[in-house]
Amino acid sequence: MGLTLAVDLGQRGVRCTLIERKPEPQFLPKMERCNARTMEIFRRMGLAAKVRAAGLPAEVPMDVYIVRALNLPPLMHSPYPSVSAARRAIDACDDGTLPLEPYQLISQYTLEPLLKSVAEKVCVVKYGCAYQSFEQDATGVTAQTSTGPIRAQYMVGCDGGSSRVRQQLGIGLSGEADILRLRQALYRCDELYDRIPIGSGPGHGRHYHVADERSTFLIMQDSTRHWTLHATVTEDRDMAPQFEKTIGVPVKYEMLYVGEWKQNLLLADRYQDGRVFLAGDAVHLMIPTGGLGMNSGVGDAIDLAWKLEGTLRGWGGPKLLASYEAERRQIGERNVAASRYASQGRRKWRGLWRDLDQLVEVAKVEQPKSNEMIGAELGYRYQGSPLIANEPGGPEDPLRNYQPTTWPGARLPHVWLEGHQAIQDRIGRGYTLLRLGGSTEEIFSLGNAMTAPFEVLDIPDPVARDLYGYDLILLRPDLHIAWRDNHMHPDPRRLAALVTGN
């Protein structure tokens, strides 16, 4: 999260320093997948192509299997499209129901060095610099580190689930802790992918869930040479025979890492204290079912970056930074609940491992909850935000399905314009007023009232007007909708003040 935040701030011309206690990125299995919304964000940062080039090849399928072992017939098969197949579907879609970018499988040990190389071009990056403590006052924050003090106007703790910044602030976590303990191991096995299917076993896929008493599941990483296995075994050394049992036939492999991890569903009581903010795992800890953890953190970082920019440049009012907690904590709460929903579904079928027929029947209903979260990814909206011209009521907010909407607070749905150009690619990094369907509504009064970066974008394409349902839509820098109508706001100055936190 820290690297994403640093890159976005640096690209906005905001001076910042990122510190990391590790001397360099480590080859450890953690985050595995950038979801569709994260890839849309990376596209706006100019990083999507680099992320895809570094990650899993686009033609590799993402199927999910429930198995007894990889050399035995699968108990259940759930097909999911490769990136290439997902892109073809997106290219053919004109109703806003699909994202601009499909997901991308990329492990943290691949993504972190990539983001670090980008961050080093736009800000100060200090690896091997450990955070120790901080003091804040009316004008800034002084952080004590292992290489000396650092002074800044604001500080963001992106320091994980055991966040020292959060602990110093005395901010608690609420929810369910230590639900289940598993071991995770990382393996290099050059031959496994090419040997699949093994005998009558399943074909190529992303997840192989083993129907056993140890909650075992095998995951293909962003290289088809690397695999991770999770299981509730007693000791680290047990992960080698567990891998061999899961594969079912002899293969040459190297076990590179073993570590224990705990399943948690926790949310921080607060996201901010004065000039100090928290983001990512420091404020929300989720079970990886649904793949919302890291991706929620990217959302935190992007929300905070433009608000810090606006405050530091002087056009943002006192409500701008205060809105970070108001907006992102509700999304953290929503995504923790989505993770709970998915993990409870998985636990239902896993508990039936002694009766495989019943397990499969339950898994057909429950397992898709872990793999189909497009509503959670794209459909969230900032309800009751002080920066949004809120309207009473609102559409339903499902987790597994996405219905495009321009309701204030929601993400602008993707639509193709004439020439197969994405509307997101036409929108700049400041506030944007979309004037749709050939509307000639007078909008200069709003432009005169805005002190923040602002532009008007005329979109005559009838497809966009039909999908969005309004002639005028005001977008924030994060592409969330701040206001909509068919006529200019009766008090443009009040609207400008609202959306900039003044």
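The values are calculated or read from the model by the stated rules, or taken from the named source; none is laboratory data. Note that the structure is predicted; figures quoted are calculated from it, not measured. Counting neighbours? That spans all protein chains shown, and the Cβs are built from the backbone with ideal geometry, glycine included. When the accessible area is computed, the model is the full protein with side chains, heavy atoms only, and any ligands, DNA or RNA have been set aside. Shrake-Rupley method; radii C 1.70, N 1.55, O 1.52, S 1.80 Å.
For the range 225-238, filtered to residues that are assigned to a loop (DSSP other than H, G, I, E, B) and of a type in the set (S, T, N, Q), the residue that is most open to solvent (accessible area, probe 1.4 Å) is 234. Of all the residues in the range 131-144, those that are part of a loop (DSSP other than H, G, I, E, B) and acidic (Asp, Glu) number 1. As a summary of the residue check, residue 109 satisfies the conditions (1) more than 14 Å from residue 277 (Cα to Cα); (2) modelled with pLDDT of 95 or more except for the one numbered (2). Residues in the range 317-333 that are without any contact (Cβ under 8 Å) to a residue 60 or more places away in the chain and within 14 Å of the chain's Cα centre (by Cα) were compared, and the one that is nearest to residue 266 (Cα to Cα) is 331. Return the residues of the range 419-470 that are of a type in the set (Ser, Thr, Tyr) and more than 25 Å from the chain's Cα centre (by Cα); say none if nothing qualifies. The answer is 439, 440, 445, 451, 470. Taking first residues from the range 248-264 that are more than 24 Å from residue 292 (Cα to Cα) and hydrophobic (A, V, I, L, M, F, W, C) and partners that are assigned to a strand (DSSP E or B) and open to solvent by less than 70 Å² (accessible area, probe 1.4 Å), the Cβ contacts under 9 Å between residues at least 6 apart in sequence or on separate chains come to 255/185; 255/186; 255/187; 256/185; 256/186; 256/187; 256/226.
Would you mind stating whether residue 261 is open to solvent by 10 Å² or more (accessible area, probe 1.4 Å) and not hydroxyl-bearing (Ser, Thr, Tyr)? Even if it seems obvious, please write down each step before you answer.
On the way: open to solvent by 10 Å² or more (accessible area, probe 1.4 Å): yes; not hydroxyl-bearing (Ser, Thr, Tyr): yes.
In short, yes.
Exactly one residue out of 256, 169 is buried (at least 18 other Cβ atoms within 10 Å of the Cβ), under 28 Å from residue 21 (Cβ atoms) and of a type outside the set (Asp, Glu), and it is 169.
The residues of the range 444-489 that are part of a loop (DSSP other than H, G, I, E, B) and either closer than 22 Å to residue 317 by Cα or open to solvent by less than 10 Å² (accessible area, probe 1.4 Å) (or both), listed by number, are 450, 451, 452, 453, 476, 477, 478, 479, 489. A single entry from 278, 292, 267, 308 fulfils the requirement of being open to solvent by less than 40 Å² (accessible area, probe 1.4 Å), in contact with a His (Cβ under 6 Å, 6 or more places away or on another chain) and touching a residue at least 40 places away in the same chain (Cβ under 8 Å): 267.
Summed over the range 401-428, residues that are over 30 Å from residue 386 (Cβ atoms) and in contact with an Asp or Glu (Cβ under 7 Å, 6 or more places away or on another chain) total 3.
Report yes if residue 308 is touching a Cys at 6+ places or on another chain (Cβ under 9 Å), at pLDDT 95 or above and under 19 Å from residue 167 (Cα atoms), otherwise no. So residue 308 does not fit the description; no. Within the range 1-46, how many residues are β-branched (Val, Ile, Thr), open to solvent by less than 10 Å² (accessible area, probe 1.4 Å) and either over 21 Å from the mean Cα position of the chain (by Cα) or over 24 Å from residue 132 (Cα atoms) (or both)? Final tally of qualifying residues: 1. Meeting the requirement of 3 or more residues that are closer than 28 Å to residue 308 by Cα and of a type outside the set (S, T, N, Q), the helices (runs of 4 or more DSSP H) wholly within the range 17-130 are 36-44, 48-54, 108-122. Annotation note: Cβ proximity below 7 Å between a residue of the range 129-143 that is farther than 25 Å from residue 22 by Cβ and a residue that is part of a strand (DSSP E or B) and open to solvent by less than 20 Å² (accessible area, probe 1.4 Å) (sequence gap 6+ or interchain) occurs for 136/276. Screening residue 251 on (1) part of a loop (DSSP other than H, G, I, E, B); (2) farther than 29 Å from residue 322 by Cβ; (3) open to solvent by 30 Å² or more (accessible area, probe 1.4 Å) shows it passes everything except condition (3). Would you confirm whether or not the range 344-361 contains a residue that is open to solvent by 20 Å² or more (accessible area, probe 1.4 Å) and touching a Gly at 6+ places or on another chain (Cβ under 6 Å)? Within the range 344-361, not a single residue is open to solvent by 20 Å² or more (accessible area, probe 1.4 Å) and touching a Gly at 6+ places or on another chain (Cβ under 6 Å). Within this structure, residue 162 passes the test of being open to solvent by 40 Å² or more (accessible area, probe 1.4 Å), closer than 25 Å to residue 264 by Cβ and part of a loop (DSSP other than H, G, I, E, B).
Would you point out the residue of the range 172-224, among those that are assigned to a strand (DSSP E or B), open to solvent by less than 20 Å² (accessible area, probe 1.4 Å) and hydroxyl-bearing (Ser, Thr, Tyr), that is nearest to residue 254 (Cα to Cα)? Top of the filtered list is 187.
Scanning the range 254-286 for residues that are touching a Lys or Arg at 6+ places or on another chain (Cβ under 9 Å), under 28 Å from residue 209 (Cα atoms) and not in a strand (DSSP E or B) returns 263, 286.
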